[in-house]
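Read the structure below first, then the notes.
Each value in this text was obtained by applying a stated rule to the coordinates, not by laboratory testing. All values derive from a computational prediction rather than experimental measurement. Heads up, the Cβs are rebuilt from the backbone with ideal geometry, glycines too, and the neighbour counts pull from every protein chain shown.
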Amino acid sequence: MKVSVIVPTYNERDNLEELFARISNALKEYDYEIIVVDDDSPDGTWEFAQQLSDRYPVKVIRRTEEKGLSSAVIRGFKEATGDVFVVMDADLQHPPEVIPDLLRAIESGADIAIASRYVPGGGVKNWYWYRKLISKGAIMIGRLALPKIRDIKDPVSGFFALRREVVEGVELNPIGFKILMEVLIKGRYNRVVEVPFTFGLRKAGESKLSGKTMVKYIKHVYRLMRWEGELDRLIKFTLVGLSGVLVNEGFLWAFVNFLGWDKIFANIPATELAILNNFTWNDLWTFRDLKKNPLWRRLLTFHIAALTGALVQWVIYAGLVYLGLHYLVSNLIGIVVSFIVRFLVNRHVTWG
């Protein structure tokens with residue numbers, strides 16, 4: 001098994017010698033190559049990597065027209081000759097000593113092996129609380145928006161290994177920010193294994209985390225939702241919800257004006273009929289490809305989601321009114337949050 005270690009770089013000259021030495025020591029029992037894809041670093045990273053190729057099996061790709069981490073990794077995939085690709089950063093926060101653990105997971109049947117900070121045994125060193133919050137928040141957004149990766153603890157890791165077949169012939173988006181997430185959504189695989197590792201301290205250079213980076217991540221998740229069809233599903237869920245409003249209002253009017261029912265009592269069956277309307281259309285249209293649970297369970301969970309959404313709406317409404325916000329604005333915010341909660345519960349549980 002030949003291993004291709006793909007290292008995207010920008011201003012990482014000071015880390016290269018130690019990085020290559022540690023990779024070489026970790027992979028001494030493997031046939032391997034190191035592919036450095038450098039975005040024309042001002043500090044001459046590409047040039048120094050080329051000099052080190054006298055001592056290590058390094059191939060250097062210097063890009064002068066194209067920029068970006070994901071496109072660099074994709075270029076590395078195209079240039080790699082190995083059976084297994086390993087992707088890692090050059091800043092030594094990804095310890096090369098973990099690579100054999102990833103390869104053993106691949107040899108044991110995994111198609112993708114992820115070096116994970118968030119499985120037992122994994123962790124991070126000396127992060128401020130806000131950095132941890134940003135990381136966990138990004139992962140939560142990705143797992144909620146993209147159900148395919150909801151069971152993966154660290155889908156935004158930049159340190160992973162995969163079989164060549166996972167990405168061979170797959171069209172990956174070079175604009176994407178987190179390339180692993182792109183691979184997990186679009187790649188061809190059956191089994192993913194997460195291997196614990198501790199995210200280390202940067203030895204040299206500067207962190208590339210910024211507000212712009214976080215915006216790019218949200219855009220990337222949005223693009224993957226479109227590609228995966230989750231955005232279409234959300235739109236369908238919205239349209240079904242609007243039809244439920246019409247059913248609720250129509251039957252409430254009919255019960256009061258034609259049957260003479262009490263206005264308070266009439267709201268109960270009208271609401272139930274709206275729930276049944278929404279369930280039927282969501283089952284037949286929005287989530288028609290996801291009927292894994294029996295009908296009675298889907299119907300029960302849908303009712304629970306509706307009740308949960310109503311409770312969330314009331315709590316938010318009451319809280320905001322208590323804080324002094326206008327009652328109509330408070331109600332609107334409650335409705336929006338309630339809608340999101342109901343969609344997520346139904347997507348991940350009712351039709352999960």
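Points worth noting:
- 5 angstrom amide H check on Lys59, placed H, neighbours 5+ away: Ile34, Ile35, Val36
- Panel note: the C-alpha atoms of the range 16-104, placed on their principal axes, show extents of 37, 24, 23 Å (largest first).
- log10 of Debye I(q)/I(0), alpha-carbon scatterers only, for the range 98-152 at 0.12, 0.24, 0.29 Å⁻¹: -0.38, -1.04, -1.12
- Local net charge near Val3, Cβ-Cβ under 9 Å (Lys/Arg +1, Asp/Glu -1): -2
- The chain, relative contact order in percent, only Cα pairs under 8 angstrom and at least six apart counted: 15 percent
- Rel. contact order, % - alpha carbon contacts under 8 angstrom, at least six apart, the range 230-350: 25 percent
- Once the Cα atoms are used to define both axes, helix 295-322 deviates from the longest principal axis of the chain by about 90 degrees.
- Restricting attention to the range 46-159, the count of lysine pairs at 8 or more positions apart or across chains with alpha carbons under 30 Å apart stands at 17.
- Among beta bridges from DSSP that stay inside the chain, the antiparallel ones total about 25%.
- Extending 7 Å from Cα along the Cβ direction at Arg297 and again at Arg164 yields two label points whose distance is 4.2 nm.
- Across the range 230-350, Cα-Cα pairs more than 20 Å apart make up 49 percent of the total.
- Extension gain, Thr213-Arg62: 0.36 nm per intervening residue step, less the Cα-Cα distance, totals 52.1 nm.
- Phi-derived couplings, Karplus 6.51 cos²θ - 1.76 cosθ + 1.60 at θ = phi - 60°, listed residue by residue for the range 236-244: 4, 4, 5, 5, 5, x, 5, 5, x Hz, with x used for Gly and Pro.
- Given 16 as the ceiling on other Cβ atoms within 10 Å, longest exposed-site-free region of the chain for chymotrypsin sites (Phe, Trp or Tyr not before Pro) in DSSP loops: 31-126
- Gyration tensor analysis over the Cα atoms of the chain returns equivalent ellipsoid semi-axes of 50, 21, 17 Å (largest first, whole Å).
- For the range 1-154, the equivalent ellipsoid built from the Cα gyration tensor has semi-axes of 26, 20, 16 Å, listed from largest to smallest.
- Rounded to the nearest 0.05, the FRET efficiency derived from the C-beta distance between Asp83 and Val124 at R0 = 30 Å is 0.45.
- Candidate aspartates and glutamates for bridging to Lys2, where Cα separation is under 13 Å - those fewer than 8 sequence places away on the same chain excluded: Glu29, Asp31, Glu33, Asp83, Glu107
- Once you reduce the range 1-38 and the range 316-350 to the center of their Cα atoms, the two points are 50 Å from each other.
- Rounded tilt (10° steps) of 263-281 against the dominant C-alpha axis of the chain: 40 degrees
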